[in-house]
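Undergrad: This structure is in structure tokens; I'll ask about it shortly.
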Amino acid sequence: MKMFSALLTGLYGSFIAHAYPVDHPAKFSRLVVFGDSFSDNGNGSWVVSNGTWPVDPAYYHHSFSNGPKWNDVVAKQLGLELINLATGGATTNNDFVAGGTGAESTIPVPSAADQVLSFLSWDKPQAGDIFVHWIGANDILFNTSITGAQVTSLINENVNRLFQAGAKTIILANYLNATTFPATYNSSAYNVPSVQEYVPALTKGLEQIAAGYSAYAKTAVIDVQDLFNDMFSDPEAYGFDEDYVNPPTACLTGVYTSEGVPRHLCSDPDKHIFFDLYHPVKELDLVGQALGIGSGASRGLTDLLVKYQHIFSLSSLGHLQAEKSYLGEIPIVRDAPWRSSQRS
């Protein structure tokens, strides 16, 4: 049933509600995204692989899922121009851990560092830009000996490049534990201390980055792991089938070479958390329902923002004026609105 756009769209609204005060209302106009397959909407891996991956027809527009990505949904709801450089298989920096895409992850891809440098080579941050930098999962999947501190050091370099170029609104995010994908569940290669310690260290580093820039820009850290943990602990509350969650089971199998099984597509993807071995199910219908505010995805974020009208004066969607100061408080979004709404 319901998952990823609810996470990012709901948390985007929560970020807005806890954003740092600004002198004047900010009219957001562009959503600029750097990342991996969790944000690749079909213009990343499909392009760098010369139209060879992901090729399975069950993938929506070659997007690694069976529906629109969170950034497509958010951009449409807010009327933002979407500039999406996210590419499946990307790591934080190829000089540290080389990324790769394709059925065997052997096709080179631009890292998040490459994506940021590319953007800054042909564009520059504008006052109405929202930057989302979401990277780090493939680093630990491709190299289980690295640490979260090493990765966040590289993320900080990317954030600093954006900030020095003029970025004023920056959202960061962590990931679910690398042992909870269908591909890695109960894998001896991943059930090691370095992997278990990775996401907590990554999260701590992201919080430190957000804190470091909070006096000069609006920053937030989205705790993706917290949402996944909640879904794993009580899948039926989100409409998932317990049998597909414990253990985590993919709807689409047989597309990666390492699987070694015939291709198979399930008939009930909405009952799964994962569409394939590494990626969540579709997002388009998740926003309103997962927030517990009705079935219309187009109204999800609008309704969420209305819930925060005691903090912000909303003159129009995406046009916000702070009424209450949160200076010195980094909005680390954990017990966020989507959870309490979902369970009510």
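The values are calculated or read from the model by the stated rules, or taken from the named source; none is laboratory data. Predicted model only: the values in this text are computed from it and were never measured. All Cβ positions, even for glycine, are placed from backbone atoms using ideal geometry, and neighbour counts span all protein chains on display.
Undergrad: Under the condition of being of a type in the set (S, T, N, Q) and part of a helix (DSSP H, G or I), which residue from the range 70-84 is nearest to Ala173 (Cα to Cα)?
TA: Top of the filtered list is Asn71.
Undergrad: Moving on. Give the range 42-52 a look and list any residue that's touching a helix residue (DSSP H, G or I) at 6+ places or on another chain (Cβ under 8 Å) and either of a type in the set (D, E, K, R) or crowded, with 24+ Cβ neighbours inside 10 Å (or both), or say none.
TA: The answer is Ser45, and nothing else.
Undergrad: Out of all the residues in the range 115-132, which are touching a Leu at 6+ places or on another chain (Cβ under 9 Å) and at pLDDT 95 or above?
TA: The answer is Gln115, Val116, Ser118, Phe119, Leu120, Pro125.
Undergrad: Filter the range 47-69 down to residues that are within 17 Å of Ala112 (Cβ to Cβ) and of a type outside the set (D, E, K, R), then give me how many there are.
TA: 3
Undergrad: Considering Gly148, Gly166, which residue is modelled with pLDDT of 90 or more and surrounded by 20 or more Cβ atoms within 10 Å (Cβ to Cβ)?
TA: Gly148 is the lone residue from the list that is modelled with pLDDT of 90 or more and surrounded by 20 or more Cβ atoms within 10 Å (Cβ to Cβ).
Undergrad: Assess whether Asn41 counts as being of a type outside the set (A, V, I, L, M, F, W, C), modelled with pLDDT of 95 or more and in a loop (DSSP other than H, G, I, E, B).
TA: No.
Undergrad: Now a separate question. Please go through the range 133-145 and give me each residue that is surrounded by 19 or more Cβ atoms within 10 Å (Cβ to Cβ), at negative phi and either in a helix (DSSP H, G or I) or in contact with a Leu (Cβ under 6 Å, 6 or more places away or on another chain) (or both), ordered by number.
TA: His133, Ala137, Asn138, Asp139, Ile140, Leu141, listed by residue number.
Undergrad: Moving on. Could you please tell me which pairs satisfy a Cβ distance under 6 Å, a separation of 6+ or placement on different chains, a first residue in the range 105-134 that is under 25 Å from Leu277 (Cβ atoms) and in contact (Cβ under 8 Å) with a residue 12 or more places away in the chain, and a second residue that is among the hydroxyl-bearing types (Ser, Thr, Tyr) and buried (at least 24 other Cβ atoms within 10 Å of the Cβ)?
TA: Final answer for the pair search is Ile107/Thr101; Val109/Thr87; Val109/Thr101; Pro110/Thr87; Ser111/Thr91; Ala112/Thr92; Trp134/Ser39.
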